Structure formats: structure tokens, C-alpha cells
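Input: a single structure, listed below in C-alpha cells.
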Amino acid sequence: MGFTLFNPPIEHVLVERRFATFAPVSFTDYPKSWNMAGLTTGQFSILRSLPAVGLGLWLLSPTPPGCAQPPPLAQTFNPQGEQTEAFEAEHFSLASTASAQPTVTQLTDVAPTDWAFQALQNLVERYDCLVDYGDGTFRGDRRLTRFEFAAALNACVTAVIAQTAGEPMTENDLQVLQGLQQAFADELGLFDSRLTALEGQTAALSTQSFSTTTQLRGEIVLSVEQLGGGDQPNGSGDRLPQALTFGSRARFNLDTSFTGQDLLRLRLDVLNPAVLNAKATGTQMTRLAFDRSNQNEVDIGSFFYRFPLGEALSVQVDAAQGTYSMNVLPTFNPGIASGISGAVSRFGRFSPIYYQGFPGVGITGQYDFGERVSLAVGYLSRENTASDPTVGIFGGGYTALAQLAIYPSKTTALGLTYAHSYYPPGAVAVAGGTGSRLANAPFGNLATSADHLGLESSLRLGSGVNLSGWAGLSFATAEASSGAIAAGDAATLFNWALTLGLPNLGGRGNLGGLIVGQPPKVTANSGGAIDGASAWHLETFYRYQLNEHIALIPGFFVVLNPEHDSANEAIWLASFRTVFQF
């Protein structure tokens with residue numbers, strides 16, 4: 001036996017919803033050895049008063065059945081979700097601090113005909129524990145947050161205790177208590193049965209689950225692509241492949257947390273997408289946002305451990321397929337950066353500087369200097385040589401990166417990024433697999449080093465527009481000599497882009513995207529050729545969120561002057577993706 005805090009009229013009781021939402025404090029299954037006559041009136045009055053207190057708080061919750069639903073109001077919490085002290089003081093202070101005793105009739109939006117008028121009158125006049133918003137309104141139709149519930153409950157319980165302490169319990173009080181127990185016997189019985197069922201389900205999950213610390217998350221992408229244009233932009237005279245292609249990508253993340261703040265991820269990939277790189281089309285400018293393939297075999301697509309050190313430092317150790325774009329770094333292109341449900345093209349996702357070092361093993365750390373500034377530093381060694389005892393993590397290809405992120409306001413973000421890379425012979429990709437073939441290997445396949453500079457920004461214009469962009473410079477140096485190229489020769493590369501993200505366009509979870517930019521281009525080269533007329537990358541896509549787990553994403557991009565050569569015909573690509581996430 002027992003009773004709950006909530007005591008609304010029976011026509012407004014929705015036990016399952018209320019208990020599930022608020023998990024109210026209840027006094028249940030008290031021992032039969034309790035001597036009820038031994039309770040003081042103060043102690044009993046607290047128990048007797050709690051239903052009225054609970055009802056008053058229940059009135060502040062989402063509107064009961066049959067009542068009009070109010071529009072959601074903006075919450076006054078800071079970005080970390082914590083309630084401000086000013087908010088609590090303004091909305092849930094003790095009325096006894098006021099100079100005059102408040103009355104419910106002073107509330108301009110509460111009428112005696114309201115179904116909960118009596119409960120409000122008890123809270124405001126008898127228990128003196130709730131006040132108005134300072135403008136004579138109670139706002140009973142607005143939604144209740146958990147912070148507001150806690151603040152109001154604390155104020156009312158404190159007031160009840162202060163008013164009833166030390167008074168002996170009467171026979172009439174005992175009769176009221178017994179009446180409450182009988183009146184709510186059905187509701188308490190329903191709650192008890194549901195709680196018993198929930199305990200049984202929890203026990204079953206504990207014994208049958210794969211792991212109590214590991215969760216399986218999956219994502220599957222099915223896509224069709226159609227490439228169009230004339231000849232390949234490599235001077236071969238071969239036509240672009242123009243067959244309709246079908247590709248797939250399945251990823252299964254095993255996410256484990258040992259402390260609730262860390263993350264150990266092992267991702268298994270089954271990949272067979274369309275691969276539209278320079279080998280297939282004559283240019284890297286046609287590459288898709290995802291095009292790593294293992295021919296539908298299973299391999300490790302990601303393996304890392306991320307954990308905090310103190311309150312300000314986050315660390316990630318990459319053991320396989322490490323990339324800065326999936327690390328602790330922000331890439332300043334919200335939504336569009338996603339390789340699953342964002343941009344269609346590889347270039348359109350984010351600045352090419354974040355592709356440096358992939359696939360790698362190494363460590364990255366980010367330190368937050370308050371809420372407005374953070375500094376990230378990382379080192380990734382090429383995965384295929386890091387375990388070789390003759391090369392190791394410092395003897396082969398690598399990228400060391402540092403990024404300063406600045407947040408001048410809640411709607412503005414700026415990034416300053418520097419990376420130094422070394423590319424061994426035969427593995428040169430100065431432009432990160434984007435841009436022209438010359439931009440990726442300005443000195444052919446000779447060993448090359450490069451210093452990369454990136455400036456990134458993102459601006460949120462209201463709730464439905466994100467304007468982002470980047471500009472990047474790379475200074476490449478030949479590390480060996482061959483033919484006309486001498487060690488020390490230098491080349492300069494430049495790229496830029498502007499993106500427009502339209503979150504929730506046409507519905508919750510949807511995303512519209514527009515991208516315009518110039519893929520990496522060689523603008524100067526003391527050891528060889530430079531690119532000519534600038535290429536233009538124009539792209540758009542729309543993600544339609546069919547439901548929580550399925551999205552449909554049509555997309556299209558066109559490259560003008562591919563390979564930075566005005567003699568080359570434009571290349572276009574149409575794509576349609578279906579994304580399943582679970």
C-alpha cells in the first residue's frame with residue numbers, strides 16, 4: 001500500500017504517462033509495523049499535503065488529455081543544459097519572502113472554473129510556496145521542464161515542513177490518510193504491476209544481452225549514380241564511363257563505454273560503392289563522398305578509443321583507419337560534412353586539409369580553454385607502415401596537425417588549421433585525393449613534404465540556415481631529385497569553397513545543401529607544370545528524412561573546366577542514396 005504525489009481529478013488521470021515521464025516520489029509498501037498514531041501532525045500533514053503539491057506541479061506539465069496543447073516556449077538554460085540561478089529565483093521562489101500574502105485570485109490567467117483551481121489555491125494561499133511570473137500570470141498551459149519540477153517541488157515541500165512541524169497527529173488526519181490510500185488503490189496497483197513487468201524485462205535484458213557495456217549501431221547506404229559528360233579530362237581521348245551504377249556500403253559500429261564518458265569503437269565495413277576516381281574517370285574531381293571499397297569483404301573500417309583527461313582535455317587514440325575528419329576536431333561544415341547523409345562529392349564535405357594522414361594510426365588531443373576557444377593537436381602515421389619495425393610510426397608517411405577553434409558567439413565558429421605532411425614515394429596525395437591530378441602529385445611520385453594552411457568558418461543565420469566555408473593553401477616541397485625536378489623545388493596549391501546548409505527544410509530532420517568552390521589547384525611550381533583555368537565545383541543535395549531510421553537523398557554536382565583546363569568538357573553526376581540507420 002502507499003500513495004503518490006499526484007492527485008488530479010479522476011477524469012484527468014493518465015497514470016502511465018505521468019509515471020513514465022516524471023517518476024514521481026511515492027511512499028509505497030510501508031511496513032505494517034508502522035504505528036500511524038505515532039506520527040506527528042507535522043509528519044502526517046506533510047504526507048497529506050503532498051498530493052496537492054504534486055497536483056500543482058502536475059498542472060505545469062504537458063497538458064492533460066482534453067486540454068488545449070500550448071505552443072512550446074523557449075527555455076532559459078545555458079548551452080550545457082543547466083538551469084540558471086536567475087531563472088529559479090524568478091519563477092520558483094518562496095512566496096513568503098514577498099511583502100504581502102498572495103492569493104490565487106491575483107493570477108489573471110486562472111479562473112475559478114478551471115478544473116485545478118482548488119489545487120492552485122492550496123499551493124498559493126495555504127502553503128505559500130508558488131508565486132507568479134512577476135506579471136500576474138501563472139501560465140498553467142506551458143510545458144514543464146525537469147529543472148522547473150525540481151525547483152517547485154523543493155519550494156513546496158520546504159513550505160509544508162515549515163508550517164506543520166511538531167504538531168501531533170489527530171484521528172481525523174488518520175482517516176484522511178486511509179481515504180487517500182483507498183482512493184488511489186487502482187492507480188497504485190496499475191503502477192505496481194507495470195513496475196514488476198519492467199523489472200522482469202530488465203532482468204531478461206541483463207542475462208540475454210550481448211554486453212552490458214557495448215551497443216551495436218549500424219548504417220547501410222544503397223546508392224545509384226549516373227555520370228555524364230564527354231571525354232575523360234586526361235588527354236587520353238577515352239570517353240567517360242556512363243553506365244548507371246549501383247553501390248552499397250554497410251557499417252556496423254560496436255560502441256563500448258567503460259565510464260560513461262569514454263568511447264571504444266570497432267567498426268566493421270562491408271563496402272562496394274561506385275569508385276569514380278582518376279583511374280576510372282581521368283580526374284579526382286569526380287570522387288564520391290564515400291568510395292573506399294573492399295569488394296563486399298569484411299574489414300575494420302575504424303578502431304579508436306576516445307576518453308577525457310580532466311574536464312577540459314579529450315584524447316583519441318586511432319588504431320586503424322584514423323582520420324582527422326572523424327576525430328575530435330570540428331570541420332566547420334555542419335550536416336554537409338557527413339559522408340553518409342551529407343555532400344555527394346568528396347570535395348564538398350570539408351576542407352581537404354582534414355583528409356591528410358588518412359588512413360593512419362596515432363593520437364589526437366583537444367583542450368578546451370573555456371567555452372570559446374579550443375586547441376587540438378594530433379599525429380597520424382600511415383597505417384600500412386606503422387607496424388613495420390624497419391619504418392615505425394616516425395619513419396614513413398605521416399601528418400602532424402594543429403587547429404585553433406574560436407567561437408566568438410553561439411552562432412559563429414572560426415578555425416585556423418596547420419598540418420605538416422610527408423608522403424613517401426608512390427603514396428603522394430598533397431591535395432588529399434581531391435582537385436587535379438597535378439595538385440595531388442606536383443612532382444610526380446617523388447617523395448614530397450607539404451605544409452598546409454586552412455581557414456574555416458561557420459555562421460548560423462537563424463534556426464534554418466548555416467553558412468560555412470573554407471580557404472586552403474598548401475606549400476609542397478620535392479624531397480628527391482629526378483629528371484628536371486630537383487630536391488627543394490616548391491609548388492603552391494590553393495582551394496576554396498562556400499556551403500549553405502538548410503536544416504529542417506520542409507520537415508524535421510531534413511537537410512538541403514548547396515556547395516560552390518574551386519578544388520585544389522597548382523598555382524605555382526618551380527619544378528614543373530601549373531594548372532590553367534580554374535575549375536568550378538557546383539553541387540546540391542536534399543536529404544528527406546522519411547522516418548527516424550530511413551532517409552532519401554537525391555543529389556547532383558557538375559564540374560566546369562575539370563582538371564583546371566577550359567578545353568575539357570563539363571562533367572556531371574546525379575546520385576540517389578537511401579540511408580538506413582539503426
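The values are calculated or read from the model by the stated rules, or taken from the named source; none is laboratory data. On a predicted model such as this, the values are computed, not experimentally measured, just so you know. Because the Cβ atoms are built from the backbone with ideal geometry, glycine has one as well, and the counts that use them run over all protein chains shown. These area figures cover heavy atoms from the full protein model, side chains too; ligands, DNA and RNA do not enter into them. Shrake-Rupley method; radii C 1.70, N 1.55, O 1.52, S 1.80 Å.
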Given a 1.4 Å probe and the protein chains all in place, what does the accessible area of Leu120 round to, in Å² to the nearest 10?
10
Cα gyration tensor shape of the stretch 340-406, rounded if a/c is under 1.5, else prolate or oblate by comparing a/b with b/c
oblate
When ligands, DNA and RNA are left out and all protein chains stay put, how many square angstrom of accessible area per residue does the stretch 201-259 have with a 1.4 Å probe?
58
Around Ala431, which amide H atoms from residues at least 5 apart in sequence, or from another chain, sit under 5 Å from its own amide H, with H modelled in the peptide plane?
Asn440
Just the accessible area for Ser248, please: 1.4 Å probe, Å², rounded to the nearest 10?
30
Using only the Cα atoms of the stretch 297-369, build the gyration tensor, take square roots of its eigenvalues as a ≥ b ≥ c, and label the shape rounded, prolate or oblate: rounded if a/c is under 1.5, else prolate if a/b is larger than b/c, else oblate.
oblate
Here FRET efficiency (C-beta to C-beta, Arg143 to Leu198, R₀ 25 Å, nearest 0.05) is 0.50
Report, in whole Å, the centroid distance computed from the Cα atoms of the stretch 203-251 and the stretch 510-582.
17
On full extension of the chain, what length is gained from Leu254 through Lys410, given 0.36 nm per residue of separation minus the C-alpha to C-alpha distance?
52.9 nm
Where does the stretch 185-273 land on Rg/Rh, using Cα atoms and the Kirkwood Rh?
1.37
So how do Met326, Met285 rank on accessible area, 1.4 Å probe, biggest first, that is with the largest at the start?
Met326, Met285
Quick one: pull the percent of accessible area on the stretch 494-582 belonging to carbon and sulfur, 1.4 Å probe, ligands and nucleic acids left out.
65
Leu309 paired with Glu171, simple spin-label distance in nm, labels 7 Å along Cα-to-beta-carbon:
7.3
Separation between Cα centres of the stretch 379-413 and the stretch 266-317, rounded to whole Å
15
Between Thr108 and Leu502, what is the FRET efficiency for a Förster distance of 41 Å, r being their Cβ-Cβ separation, to the nearest 0.05?
0.50
Hey, rough spin-label estimate for Thr578 and Asp238, points 7 angstrom out along Cα→Cβ, what's it come to in nanometres?
3.2
Asn272/Thr212 FRET efficiency (R0 35 Å; Cβ-Cβ; nearest 0.05):
0.55
In Å, the Kirkwood estimate of hydrodynamic radius for the stretch 234-390 over Cα pairs equals 17.5
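If you roll a 1.4 angstrom probe over the protein chains with everything in place, what fraction of the accessible area of the stretch 268-312 belongs to carbon and sulfur, to the nearest %?
53
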Using a 1.4 angstrom probe on the protein heavy atoms only, line up Leu459, Leu401 by accessible area, largest first.
Leu459, Leu401
Surface per residue (accessible, 1.4 Å probe) for the stretch 447-511, Å²
44
Along the stretch 316-323, Karplus-curve 3J(HN,Hα) (6.51, -1.76, 1.60; θ = phi - 60°) to the nearest Hz, with x for Gly and Pro, reads 10, 10, 9, 9, 7, 6, x, 8
Working from the pairwise distances between different alpha carbons, so that the mean of 1/r is found and then inverted, what is the stretch 404-527's Kirkwood radius in Å?
16.1
Can you give me the % of accessible surface on the stretch 176-233 that is carbon or sulfur? Probe 1.4 Å, all protein chains present, nothing else counted.
57
